[in-house]
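Reviewing the structure listed below.
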């Protein structure tokens with residue numbers, strides 16, 4: 001008997017996983033059919049709006065869709081939307097990155113307080129920021145007004161991932177750069193920003209997607225984009241073909257933006273060798289620059305946080321007993337909002353579970369396609385999703401579910417599904433598969449193991465997913481206005497009704513409740529996401 | 001008698017890369033068997049196929065007489081009635097020690113105090129309410145073992161369960177686990193890459209190499225009578241010297257010794273390759289008639305014993321190889337590099353017929 005050379009490679013003390021182990025994940029016992037069916041069903045529902053748009057275009061034929069797409073209005077909207085998106089994204093990139101750098105890497109006085117204050121606006125709905133500016137400074141509007149308000153409303157989407165990436169980056173790289181004779185400014189440009197590059201790009205993609213789908217803020221400021229025009233055509237003009245034609249262009253824009261994120265990820269990664277260092281970077285000294293930097297933070301916090309919060313408080317105190325909306329009305333609207341949002345949170349989390357388990361536990365081409373396609377939803381603005389569900393219900397299901405709470409809940413769940421998926425996926429990936437195997441070997445069936453082992457392990461992730469969707473749904477305006485059940489009122493619809501009548505003092509209480517519900521937990525969740533891997537955090541919004 | 005585990009002609013590949021290539025193995029009931037092999041040899045895959053976490057391409061597995069895997073049938077893991085102790089113990093973090101142990105136990109038996117009995121068996125009585133993060137690494141392994149034993153398994157599989165423990169704890173936990181399994185009378189299969197662990201722990205050792213069992217036997221048998229030199233070196237340090245057959249005995253520069261011939265002795269005067277373990281060599285005063293002499297080149301002290309390397313004055317390896325001889329001496333003897341000494345071998349040695357080559361004599365293994 002001859003032993004092969006294999007034995008001569010003397011075993012090391014800490015044996016690395018055998019090469020076979022690398023393939024283990026991919027070749028574990030076959031996919032349970034129930035899981036597959038669930039994941040496919042979720043993907044189908046998610047892609048329904050896109051499918052409906054395509055169907056609509058094919059149905060009407062090119063001869064009728066073509067003129068709707070290629071008309072003068074489309075060109076004007078395209079220019080107005082894209083130019084604003086480019087300007088705001090650029091402003092957010094600079095503002096968010098600089099703010100993150102000063103908070104994370106310099107000896108800025110009061111760093112911890114600034115870190116909280118610059119993040120809180122992420123929980124304030126964009127339309128509330130616009131409301132604050134419009135109600136206090138009535139003249140604001142137009143391109144630059146919209147650019148200012150939107151930049152202040154969404155820059156945290158860049159700040160959050162960049163701050164997380166700077167916090168986790170290895171300070172040794174900067175030190176190495178300085179020791180190689182590269183100056184301080186050049187090191188910032190080449191190394192510090194290099195480390196944060198992916199985070200900046202990920203944040204910019206989110207900003208651009210938000211701008212494409214924003215309705216409320218632009219409506220308040222009187223600025224016309226694709227989304228406001230689609231909303232008007234659908235809700236006021238009842239012109240379905242025109243709304244669908246514009247939606248097609250908008251979705252293509254969204255897909256272009258989303259593909260930019262995928263392309264940016266292909267080129268290298270911000271990586272580090274060795275374990276995560278416990279070492280904290282030596283903060284850069286601001287020196288005399290401290291005065292303008294602190295001044296800048298002051299202006300930022302006043303304009304982004306102070307104006308909307310101040311406006312709400314101001315109008316609350318201007319309210320007299322005669323104009324005060326009945327407390328019961330606010331409570332009832334809040335109850336509706338909470339119920340719809342909770343339903344959406346449950347539905348989205350439940351839907352994310354099979355997709356996440358499939359993609360983590362049974363990776364393969366099919367799982368990847370299902371997971372990727374669910375992220376496509378990010379490129380579809382809420383107005384388009386609402387439109388698609390409305391028309392699909394009317395045209396193909398004889399009004400089934402139309403103007404019921406169910407349709408609104410499903411629309412919410414679809415819109416915010418990627419958030420739920422990111423949270424659930426991360427927690428499934430962190431739950432060791434070995435525990436599930438032990439459970440199986442102890443005589444428990446696959447379902448029993450899911451219930452007794454996997455679900456308790458990933459419970460925090462499920463809770464986070466629920467909260468993320470819930471908070472987003474609380475402040476959702478566009479789809480809510482389009483799909484709200486007859487006779488029902490939510491905080492968002494009530495706010496909108498009063499705001500549209502310029503009854504700012506009556507709108508303010510609803511905005512106050514929304515901000516109170518959304519802002520504080522959003523901040524807590526933001527900190528939670530900081531601890532996720534960068535790629536997962538990039539998709540989170 | 002029923003075998004605790006029977007594996008027959010097992011095949012498993014990942015893509016074009018075969019991991020198990022017709023592996024066969026029979027483990028006697030109630031015995032502790034170690035699967036020993038370097039990384040990538042397929043030992044973990046073997047364990048996962050036996051447990052049912054992976055499906056074999058071909059071949060048969062029977063646990064305590066029940067076929068759990070062959071061409072047609074693939075019993076799911078939950079129906080195989082085996083205990084599985086993974087690396088790092090893998091206790092359920094959300095359950096207490098007692099709940100972990102009771103995970104696979106039906107409610108009626110849980111009420112009957114089975115869990116407490118098992119915790120006591122593994123020396124963890126009274127610690128059932130603790131959560132895994134409140135237990136030390138060794139305690140976690142004991143709980144993991146109790147959990148595996150709770151289902152009254154026909155076979156316990158241990159996947160390098162001691163490798164994550166720190167070295168001072170490892171030996172004692174290992175001995176305890178072995179003793180508990182012997183007391184429970186369970187058949188157990190341990191996967192390891194650590195030859196000391198395999199030799200000290202198991203009743204039988206199966207050496208796995210390139211997807212097959214290279215050799216199977218008792219630890220003493222494998223160490224003293226390995227099938228070939230590669231295996232001999234894998235199991236411990238080895239000196240290889242040239243010899244000449246002399247009936248049952250073999251004549252070498254280290255003396256004429258009783259031989260254990262692999263594949264039968266060659267005719268008288270035939271060339272031989274001889275394995276001499278470091279502890280089979282003894283140092284004597286130089287100058288004794290006919291004794292091989294040499295210079296001490298290296299001396300490493302380990303406390304309980306010490307290892308010296310000796311450059312022999314005349315080459316004694318196969319094919320004229322002049323590699324240093326490795327000698328294990330009691331720790332009390334202090335040697336000085338540069339000093340001269342005589343070397344003799346004692347006891348029975350393993351020998352193979354043939355000339356051998358200088359490379360075979362090389363002690364770097």
Where residue A:429 falls short, out of the listed (1) farther than 25 Å from residue A:515 by Cα; (2) touching a residue at least 40 places away in the same chain (Cβ under 8 Å); (3) surrounded by 24 or more Cβ atoms within 10 Å (Cβ to Cβ): (3)
Those residues of the stretch A:136-150 which are part of a helix (DSSP H, G or I) and surrounded by fewer than 23 Cβ atoms within 10 Å (Cβ to Cβ), in sequence order: A:136, A:142, A:143, A:144, A:145, A:147, A:148
Filtered residues of the stretch A:369-403 (kept if over 20 Å from the mean Cα position of the chain (by Cα) and modelled with pLDDT of 85 or more): A:369, A:387, A:388, A:389, A:390
Any hit, the stretch B:40-54, residues being within 23 Å of residue B:182 (Cα to Cα), more than 14 Å from chain A (Cβ to nearest Cβ), surrounded by 18 or more Cβ atoms within 10 Å (Cβ to Cβ) and modelled with pLDDT of 90 or more: no
Hey, residue B:24 touching a strand residue (DSSP E or B) at 6+ places or on another chain (Cβ under 6 Å), over 20 Å from residue A:433 (Cα atoms) and in a strand (DSSP E or B) or not: yes
Residue check for residue B:24: surrounded by fewer than 17 Cβ atoms within 10 Å (Cβ to Cβ), under 24 Å from the mean Cα position of the chain (by Cα) and within 14 Å of another protein chain (Cβ to nearest Cβ): yes
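Just checking, does the stretch A:224-238 include any residue being farther than 25 Å from residue A:394 by Cα, crowded, with 24+ Cβ neighbours inside 10 Å and in contact with a helix residue (DSSP H, G or I) (Cβ under 6 Å, 6 or more places away or on another chain)?
Residues of the stretch A:224-238 that are farther than 25 Å from residue A:394 by Cα, as a first pass: A:224-225.
Add one more test, that the residue is crowded, with 24+ Cβ neighbours inside 10 Å, and what stays is A:225.
Filter again for in contact with a helix residue (DSSP H, G or I) (Cβ under 6 Å, 6 or more places away or on another chain), leaving A:225.
Yes, the conditions are met somewhere in the stretch A:224-238.
Matching residues to (1) within 9 Å of chain A (Cβ to nearest Cβ); (2) buried (at least 19 other Cβ atoms within 10 Å of the Cβ); (3) touching a residue at least 60 places away in the same chain (Cβ under 8 Å):
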{"residue": "B:30", "(1), (2), (3)": "no, no, yes"}
{"residue": "B:70", "(1), (2), (3)": "no, no, no"}
{"residue": "B:85", "(1), (2), (3)": "yes, yes, yes"}
{"residue": "B:95", "(1), (2), (3)": "yes, no, no"}
{"residue": "B:98", "(1), (2), (3)": "no, yes, no"}
{"residue": "B:102", "(1), (2), (3)": "no, yes, no"}
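Tell me which residues, restricted to the stretch B:209-257, are assigned to a strand (DSSP E or B), within 13 Å of chain A (Cβ to nearest Cβ) and in contact with a strand residue (DSSP E or B) (Cβ under 8 Å, 6 or more places away or on another chain).
B:212, B:213, B:214, B:215, B:216, B:217
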Residue ranges of helices (runs of 4 or more DSSP H) in the stretch B:134-208 with at least 2 members within 12 Å of chain A (Cβ to nearest Cβ) and over 19 Å from the mean Cα position of the chain (by Cα): B:137-149
Pair list, Cβ < 6 Å and 6+ apart or interchain, from the stretch B:122-133 residues that are closer than 13 Å to residue B:144 by Cβ to residues that are surrounded by fewer than 17 Cβ atoms within 10 Å (Cβ to Cβ): B:132/B:93
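Quick one: which residue in A:153, A:99 is at pLDDT 90 or above, within 28 Å of residue A:491 (Cα to Cα) and in a helix (DSSP H, G or I)?
Every option except A:153 fails the conditions.
Examine the stretch A:414-426 for a residue that is at pLDDT 85 or above and out of contact with any helix residue (DSSP H, G or I) (no Cβ under 9 Å at 6 or more places or on another chain), and state whether such a residue exists.
No: zero hits.
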Residue match in the stretch A:196-216 (condition: closer than 30 Å to residue A:232 by Cα, part of a helix (DSSP H, G or I) and more than 16 Å from the chain's Cα centre (by Cα)): yes
Qualifying residues in the stretch A:437-447 (those that are part of a helix (DSSP H, G or I) and surrounded by fewer than 22 Cβ atoms within 10 Å (Cβ to Cβ)) - the one nearest to the other protein chains (Cβ to nearest Cβ): A:446
Residue within the stretch B:107-121 that is at the interface with chain A (Cβ under 8 Å from one of its Cβ atoms), out of contact with any strand residue (DSSP E or B) (no Cβ under 8 Å at 6 or more places or on another chain) and outside any helix (DSSP H, G or I) present: no
Strands (runs of 3 or more DSSP E) enclosed by the stretch B:287-334 - at least 3 residues per element that are under 23 Å from residue B:351 (Cα atoms) and in contact with a helix residue (DSSP H, G or I) (Cβ under 7 Å, 6 or more places away or on another chain): B:325-330
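Out of all the residues in the stretch A:15-27, is one or more within 14 Å of another protein chain (Cβ to nearest Cβ), at pLDDT 80 or above and touching a helix residue (DSSP H, G or I) at 6+ places or on another chain (Cβ under 7 Å)?
No.
For the stretch B:72-83, enumerate the residues that are part of a loop (DSSP other than H, G, I, E, B) and either at the interface with chain A (Cβ under 9 Å from one of its Cβ atoms) or in contact (Cβ under 8 Å) with a residue 24 or more places away in the chain (or both).
B:76, B:80, B:81
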Any hit, the stretch A:340-362, residues being farther than 29 Å from residue A:251 by Cβ and either touching a strand residue (DSSP E or B) at 6+ places or on another chain (Cβ under 8 Å) or part of a loop (DSSP other than H, G, I, E, B) (or both): yes
Criterion: over 30 Å from residue B:9 (Cα atoms), at pLDDT 85 or above and in a helix (DSSP H, G or I) - qualifying residue of B:103, B:92: B:103
Condition broken by residue B:131, with the remaining ones in (1) closer than 22 Å to residue B:77 by Cβ; (2) within 14 Å of another protein chain (Cβ to nearest Cβ) satisfied: (1)
Filter result (under 22 Å from residue B:335 (Cα atoms), within 24 Å of the chain's Cα centre (by Cα) and surrounded by 13 or more Cβ atoms within 10 Å (Cβ to Cβ)) within the stretch B:247-305: B:276, B:277, B:278, B:279, B:280, B:281, B:305
Residue in the stretch A:408-430 that is closer than 30 Å to residue B:88 by Cβ, within 14 Å of chain B (Cβ to nearest Cβ) and outside any helix (DSSP H, G or I) present: no
Residue in the stretch A:35-49 that is at pLDDT below 90, in a helix (DSSP H, G or I) and over 20 Å from residue A:359 (Cβ atoms) present: yes
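The values are calculated or read from the model by the stated rules, or taken from the named source; none is laboratory data. None of these values were measured; they are calculated from a predicted model. Cβ: placed from backbone, ideal geometry, glycine included. Neighbour counts: every protein chain shown.
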